[in-house]
Amino acid sequence: MARLLFEGLTRVFSIEVLPWLALMLPFGGFLVLSLFGDWIRKDREERGAGVLSCCTVLLSFLIAVATAFMLGDAGRDLEQQRQSLNLPQRQGPYLPFQAYLAVDWIDVSGLSIPVALLLDRLASVMMLVVTGVSFLIHVYSLGYMARDEDRVRYFSYLNLFVFFMLLLVMATNLLMVFVGWEGVGLCSYLLIGFWFKRPDAAAAAKKAFIVNRVGDAGLILGLIMAYHAFGTLDLLSITDHIGGLAPERLGELGIVTVIALLLFLGACGKSAQLPLHVWLPDAMEGPTPVSALIHASTMVTAGVYLVARLAPLYRQSETAMLVVAVIGVLTAFVAATIALVQTDIKKVLAYSTVSQLGFMFLACGVGAFGAAVFHLVTHAFFKALLFLSAGSVIHALGGEQDMRRMGGLARRLPWTFWTFVIGAASLAGLPFLAGFFSKDMILEGTFATGRTAIFVTALLAALLTAVYITRLVCLAFLGASRLDAEKTAHAHESPWVMTIPLVLLAVGSATAGFVPLPDMLRPVMHGAASESRAVRWIPYAATTLSLFGIMLAAYLYLLYKETPARLASALPWIRRALEAKWGFDDLYNAFVRRVLVSGGRRILWRAVDSFLIDGTVNATARAVGSAAETLRSAQTGLVRGHALLVLGGAVALVVYLLWPR
Amino acid sequence: MSETLLRHALALSLALFAVGAVGVLLRRNVITVLMCIELMLNAANLALVAFSRSWAAVDGHVMALFVLTVAASEAAVGLAIVIALQRARDTLDVDAFDELRG
Amino acid sequence: MAETILFYALAITAFSAAFAVVLQKSALGSAFALIVVLCSLSAIYGLLGSPILATLQIVIYAGAVMVLFLFVIMLLDVRREKGGGGPRSFVPLALLFAGLLVLQVGAVLVGSELVPQSAPFDGSAKAFARRLFSQDYVYVFEATSVLIVAALAGALALARRRR
Amino acid sequence: MTALTWPQELAIRSALALTVVAFLLGLFSVMTYIERRLLAFMQFRLGPNRTGPLGLFQPVADGIKLFFKEEFVPQAANRWAFIAAPAVAITTALMAVAVIPYGGAVTMPRFDLLPEWLRGRPIPLQIAHLDVGVLYLFAVSTLGVYGIVLAGWSANNKWSLIGALRSSAQMFSYELALGLSWVGPILLAESLRIEDIVACQAGGIHRWNAIIQLPAFMIYLFAATAEVGRLPFDLPEAEAELVAGFHTEYASMKFALLQMAEYVNMITVSVLATDFFLGGWHAPLVSLQSAAGVNLGLLWFGGKTGALLFLFIWLRGTLPRLRYDQLMRFGWKVLVPAAVMHILGTAAVILWLTR
């Protein structure tokens, strides 16, 4: 009996089942919360929803840890099996694992898409990040959302998001990726507009949704093209067989380049890259933990994940790589400049996120995919930390987000302050913190490609990063207090459910850089040697730049506070450009208003719809009406008459059939 | 069963069908009309059975069975309608039901 | 020989009874004439080598459908049909069309070639059942059961006295 | 043994049919006497005992009386239908008999009187060997309704009409259960031939359908009792409510014919029960099948049928009549579902055993 039980348990807790469990737990939480939410709401403490939600995600996280450890074993087993069966060895130690329970989802002629989960090191890392950060943010939300009426809805959305995100990172084929992709987009929309009674939130949600659709169009087209080119949507098959295609040189626009660019368009939408980045800063209308989870650490990195997952595909096309790199570095730079002048604490962080995502794409574009994922992981830690700390500040100040009305919070919120500083230092790239390693790796990779312009822009962006984050620290936490008297009285440190996640994330932000992630991931990316080539002087240069940036910002915002204003009046056009966020929003607005709306009104509405379509319909109706008026006399209502007609029709039919031809 | 006999069976089917059709057209009592329709269905069945025999395949029988089923359902619903009509209009004259004229 | 005699006797009975169905003035007379038609057709089915259809004809038609007709006739107490009235032009037109149909199909029948008994014909219950419950017809057969239930419900709903 | 030409076949079948009909009519008259006597004994009376020894000539006297009564048709009646109804009733009743086997085969003796082709030929005691015998029985039993409906309607008498309507509704309702109760034995025998069903039960009492298909047998007994309109299901003739049901207006030979039809139906039903459920002409133990070289099949058959007939009379002497709604509810809500469940169960068991 005991043996049976043990065997059953080992079968359930095997690597073939556990990923499904990890995936379905948050979904179960979502189902329970959305179906029985009203019942849960009746509990007195009103903690039930949040606790349940936290537990599912915690379990998922534990499973993710377990599978990460089991992955090595399973790989060894698989390798032994392969050897005993004399199967050809796969290159490198990369051993993906398709979790079982695979059922056919679509199976029409030629197109066969199973529902299965792919578990390899990349997916495992993503799982760990998603579930780990999600769990901490869930816990944080317990405190942050404690006084909100719609907590049940909030947690159910959050759980649904985790489900879709896990689906995205564990998908075996592009179509499942797409499902997860749209699912997280939906959750993002729902959570940005969580306080849908606020017009700004509703508008931001719509904006995020619409801008993402532009990218999704690219993703769908890329998906179709990929199927057209490879005859399959399976990620492993695509990456395995890509070598058979001829590499495409710079300026060449072959099928691989087209697919890569279309998919990258999708990634741009989801990961807020130029020129589709406009939705992310607005998305800060959502609750701050949402910003931390979805719009900083997980969902927005889906684009990076997609590109990294398809690294072999991108490697085949120099054009695509260059486009990715240029877009990435431009985004990094532009967003960093905009962040310099923002006054809303969350907006600064949002632009910072856009900028850091740009770094990740830069890494992809220069072929350092491992560095991209590495930066993704470290960024998930410190950016989640920064957002949560900012949330803690906002929480303490009763909803105040404007940095001009903060200052001197370090003494009042010590935990928040110190954790924020760790996150900021990690972001700025101070030595031996997480951000330092990953950013250096990106810069090394960029330098290795030998494109000086890109490298210099990246260095500038790194410098600006240090400047804006230090400015944020100075304005919010240091210097004299500019708070209202009333708010000063209420300012207090957050409850422990909020500070503990901060501390844990701070630990992560400080130490995550020591994990040799790129080396671990190299087989997944079918890695080339270029990643490992270290350039001695780059870490020193980067560190110097960061320190210089920090000191510059401290000088400007702590010591000589009138300097920024003088600088701004000295260079008015730069200030205008920055405050207008380089005019993207105005450009889109003008495009939509002038071209889409007025064109739609003049051409599509008046000419096509009113005249052509309505006219056709009306004319048809009139024709039918007059015909009916003429024909109605034939309708005698006499049953026998109709029967006679039927018989006559039968006779006529037989005549037709017998007619000699 | 010789070929002549089969031919005559089909001729009988044709004759029954024609008689039934004429009955549907000429009779004014709804119930009689329904019965004439049954007659026509039976004629069709006879043709099916005869062809089945002529091709030595039992499929015609199967179809005749389906016709039988449909005929039974039709009779049930038709007679229910007759009862409803009688209740509503107090007549069974087909020509009295002419509300659907244009 | 016996078969031939029997067939023609039954055919003549069926045909004249069919005429009676149309010509009888009372609905009840028509009904009885129709029963005669049905029974002789059943016998003809038997002659044509389908005992199962012959019995089913009796069970369903004579046993159920016609009893239903008789019930309704008796319940509604149908009077004799009023002669005349209605468009007179019906009679010639109806006869014309029916005649045309007979001519057409008859022409086909005369010109066509029937191939009787090219293979041994098995009309037994077993053969019938094997065909009926084969992949080709079993779903149709199930669908007819749905049809019957629907007809039953419809008939009940229609004939029920509304309050 | 040479094959028969069709006139010879016709002759054998006709002779068989005549024999059976004659036997049935004789049995009918005897049954009237036996029923009256038995009922009387059950009710501590004597019954008819005046005509002849023990009153044995009573059926003859009744027959003569009915034969010489005045033929009478009520003025408001539909004359033709009124006269046709008894004929239809007795015809359909006798038609059912055609496919029922009566007990194995009888070997013709080798008398010189007989024509050459008959000598020593075994003749099965069954008029028609129909491939779809059970279905035919079902068809004919549905036709039985016509006689009753016609009789009730044509008399133009409200008692008759209500009696006829009740009767036909009852027959319809119980016909369903009756037919469904046959399906179990059909499934076991894998044939629609009654002789196959009997053959399937050969080899001892444990093979009888009454044992292995007990629920079907019960359902059949209930449904058959209702089908022939005997107590406790004789609602159509509930004299307290309906005078005499559909045959209120009938007298003389027409009444006799109707009566005869009822008895023939009762006998048919008993014979069918014997064939379907009680193993037909097979003895309960194989060793009892023949004695001194003589096949006792016919004897067993007669004994079982007689026992069932006695059961019907016994029921009439014992049970009270049901109310009409009780009758309908029992038929539709108990018997039909039970029969369907039994069929499903039987089919499942057969599938499981032959898997």
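Every read-out reported here was derived from the displayed coordinates using simple, explicitly stated rules and does not represent laboratory data. Everything quoted here is computed from the prediction, not taken from an experiment. Here the Cβ is made from the backbone with ideal geometry for all residues, glycine too, and neighbour counts use every protein chain on show.
What percent antiparallel are the DSSP beta bridges of the protein assembly as shown, to the nearest 5?
Rounded to the nearest five, the antiparallel share is 95 percent.
Taking the number of other C-beta atoms within 10 Å as the exposure measure, put A:Thr543, B:Thr69, A:Thr511 in order starting with the fewest.
Going from sparsest to densest Cβ surroundings: A:Thr511, A:Thr543, B:Thr69.
For chain D, what's the relative contact order in percent, using C-alpha pairs closer than 8 Å and at least 6 residues apart?
For chain D, the relative contact order is 21 percent.
So what's the angle, to the nearest 10 degrees on a 0 to 90 scale, between helix A:151-170 and the longest Cα principal axis of chain A?
Relative to chain A, helix A:151-170 is tipped by roughly 80 degrees.
How high is the relative contact order of the range D:91-162, in percent, with contacts defined as C-alpha pairs under 8 Å that are six or more residues apart?
In percent, rounded to a whole number, it is 33.
For chain D, modelled as a GNM with alpha-carbon contacts under 10 angstrom, which of D:Gln58, D:Gln201, D:Gln326 fluctuates the most?
Among D:Gln58, D:Gln201, D:Gln326, the largest mean-square fluctuation in the Gaussian network model of chain D belongs to D:Gln326.
Dipole of chain C (Lys/Arg Cβ +1, Asp/Glu Cβ -1, origin at the Cα centre): which of C:Val110, C:Phe7, C:Ile35 lies farthest to the positive side?
C:Ile35
Could you tally the net charge around A:Val329, taking each other residue with its Cβ under 15 Å from the Cβ of A:Val329, Lys/Arg +1 and Asp/Glu -1?
Taking every other residue near A:Val329 into account, the sum is +1.
For peptide C:8-14, how many partner chain Cβ atoms fall within 10 Å of a residue's Cβ, on average?
For peptide C:8-14, the averaged partner shielding equals 3.
At a Förster distance of 22 Å, what's the computed FRET efficiency of A:Leu571 paired with A:Asp402, Cβ-Cβ distance as r, to 0.05?
0.40
How many partner chain Cβ atoms sit within 10 Å of a residue's Cβ in peptide D:6-15, on average, as a whole number?
1
Between B:Val49, B:Val30, B:Val22, where does the largest GNM mean-square fluctuation fall for chain B, given springs only between Cα atoms within less than 10 Å?
Judging by the Gaussian network model, the answer is B:Val22.
Please rank A:Cys55, D:Cys200, A:Cys364, A:Cys187, fewest neighbouring Cβ atoms within 10 Å first, as an exposure proxy.
Lowest count first: A:Cys55, D:Cys200, A:Cys187, A:Cys364.
By how many degrees, between 0 and 90 and to the nearest 10, does the Cα long axis of helix A:434-449 differ from the longest principal axis of chain A?
With rounding to tens, the tilt is 70 degrees.
Go ahead and set up a Gaussian network model of chain D, Cα springs under 10 Å, then flag whichever of D:Leu137, D:Leu308, D:Leu18 fluctuates most.
Of D:Leu137, D:Leu308, D:Leu18, the most mobile in the Gaussian network model is D:Leu18.
Cβ neighbours within 10 Å, averaged per peptide: list A:59-68, D:149-158 in order, most packed at the top.
D:149-158, A:59-68
Under the classification rounded if a/c is under 1.5, otherwise prolate if a/b is larger than b/c and oblate if not, where does chain A fall, given a ≥ b ≥ c as square roots of the Cα gyration tensor eigenvalues?
In terms of gyration-tensor shape, prolate.
Determine, for each peptide in A:427-440, A:104-117, the mean count of other beta carbons within 10 angstrom over its residues, then list the peptides with the highest first.
Per-residue Cβ counts within 10 Å, averaged per peptide and sorted highest first, yield A:427-440, A:104-117.
Within 10 Å of each Cβ in B:3-13, how many Cβ atoms from other chains are there, averaged over the peptide?
The per-residue average across the peptide is 6.
Please give every one of the lysines within straight-line cross-link reach of D:Lys254, meaning a C-alpha to C-alpha distance under 21 Å, and leave out same-chain neighbours fewer than 8 residues apart.
D:Lys65, D:Lys69, D:Lys158
On a straight-distance basis, which lysines could pair with A:Lys383 in a cross-link, Cα separation under 21 angstrom, same-chain partners fewer than 8 positions away excluded?
In chain and number order, the partners are A:Lys270, A:Lys346, A:Lys347, A:Lys439.
Tally Lys/Arg at +1 and Asp/Glu at -1 over every other residue whose Cβ is under 9 Å from the Cβ of D:Leu39; what's the total?
Here the count lands on +3.
Restricting the count to DSSP beta bridges whose residues both fall in chain A, what percent are antiparallel, rounded to a multiple of 5?
90 percent
For a paramagnetic label modelled at 7 Å from the Cα of A:Ile220 toward its Cβ, which residues of the range A:272-315 fall within the zone defined by backbone nitrogen distances under 11 Å?
none
Roughly what angle does helix B:30-55 make with the longest principal axis of chain B, taking Cα atoms, 0 to 90 degrees, to the nearest 10?
Roughly 10 degrees, rounded to the nearest 10.
Does the range C:94-160 classify as rounded, prolate or oblate by the C-alpha gyration tensor (a ≥ b ≥ c root eigenvalues; a/c under 1.5 gives rounded; else a/b over b/c gives prolate, otherwise oblate)?
The shape class here is oblate.
Any idea what the dipole of chain C comes to, in debye rounded to 20, about its Cα centre with Lys/Arg Cβ at +1 and Asp/Glu Cβ at -1?
For this selection, approximately 960 debye.
Spin-label point model (7 Å from Cα, Cβ direction): what's the A:Leu460 to B:Arg87 distance in nm?
Calculated label separation equals 8.9 nm.
With charges only on Cβ, +1 for K and R and -1 for D and E, what is the dipole size of the range D:1-83 about its Cα centre, in debye, rounded to 20?
Rounded to the nearest 20 debye, it is 300 debye.
For the pair A:Ala627 and C:Tyr8, what calculated FRET efficiency results from E = 1/(1 + (r/R0)^6), where r is the Cβ-Cβ distance and R0 = 56 Å, to the nearest 0.05?
Efficiency, from the Cβ-Cβ distance: 0.55.
Shape of the range A:436-507 from its Cα gyration tensor (a ≥ b ≥ c, root eigenvalues): rounded if a/c is under 1.5, otherwise prolate when a/b > b/c, or oblate?
Here the range A:436-507 falls in the oblate category.
Given an 8 Å cut-off on Cα distances and at least 6 residues of separation, report the relative contact order of chain A as a percent.
After rounding, I find 11 percent.
Starting from the amide H of A:Leu119, placed 1.01 Å from N in the peptide plane, find each other amide H under 5 Å away whose residue is 5 or more places distant or on another chain.
Those lying under 5 Å, H to H, from A:Leu119 are A:Phe97, A:Gln98, A:Ala99.
Grab the beta carbon distance between C:Glu142 and C:Lys25, set R0 = 51 Å, and tell me the FRET efficiency rounded to 0.05.
FRET efficiency, C:Glu142 to C:Lys25: 0.75.
Please get the size of the charge dipole for the range B:3-91, origin at its Cα centre, with Cβ charges of +1 on Lys and Arg and -1 on Asp and Glu, quoted in debye to the nearest 20.
Charge dipole of the range B:3-91: 260 debye, to the nearest 20.
Distance in nm between label sites at A:Arg213 and D:Lys158, each 7 Å beyond Cα in the beta-carbon direction?
Simple spin-label model gives 7.5 nm for this pair.
Calculate for the protein assembly as shown the 222 nm mean residue ellipticity that helices alone would give, adding -39,500 (n - 2.57) per DSSP H run of length 4 or more and normalising by residue count, nearest 500 deg cm²/dmol.
Value at 222 nm, helices only, nearest 500: -22500 deg cm²/dmol.
Give the residue list of GluC sites (Glu not before Pro) in the range A:557-661 that are DSSP loop and have at most 15 other beta-carbon atoms within 10 angstrom.
Those that pass, being in a loop and sparsely packed, are A:Glu562.
What is the set of long-range amide H partners of D:Ala105 at a cut-off below 5 Å, with H atoms built 1.01 Å from backbone N?
D:Leu125
Among A:Phe359, A:Phe514, A:Phe417, A:Phe209, rank each residue by its count of other Cβ atoms within 10 Å, from fewest to most, as a rough exposure measure.
Listing A:Phe359, A:Phe514, A:Phe417, A:Phe209 from fewest to most nearby Cβ atoms yields A:Phe514, A:Phe209, A:Phe417, A:Phe359.
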